[in-house]
């Protein structure tokens, strides 16, 4: 019975991102110190959240992962997303399907919208 409990505990991790004990990754996501840190402190659920966030970042910024600077940016964003309490969305990001909504304050009386009137 003790072996079963020990095995069950070893398959979970106190997730640094989600602040609760959850199933861990099957193995480190990549070699090295950061991969091991993620394996030891990040749950499978939080890692899946990061994968969604990374796609958003790659697409938003048009990152070319063959570029070392782009990989460095993505790695920095990953560490912030997984290990910091507050995560910011990319500058100028708008949730899908909300890009055509009228901004707050638009459409007020006397505001015809569109470009400002031309000077005469």
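Go ahead and run the numbers for FRET between residue 20 and residue 58, Cβ-Cβ distance against an R0 of 30 Å, rounding to 0.05. Calculated value: 0.60. Across the stretch 28-86, Cα pairs under 8 Å and at least six residues apart give a relative contact order of 27 percent.
What the pair-distance distribution of the stretch 28-86 shows, using all Cα-Cα distances binned every 10 Å from zero, is 22, 56, 22, 0 percent.
Each value in this text was obtained by applying a stated rule to the coordinates, not by laboratory testing. These numbers come from a predicted model, not from an experiment. We place every Cβ from the backbone using ideal geometry, glycine too, and count neighbours over all the protein chains shown.
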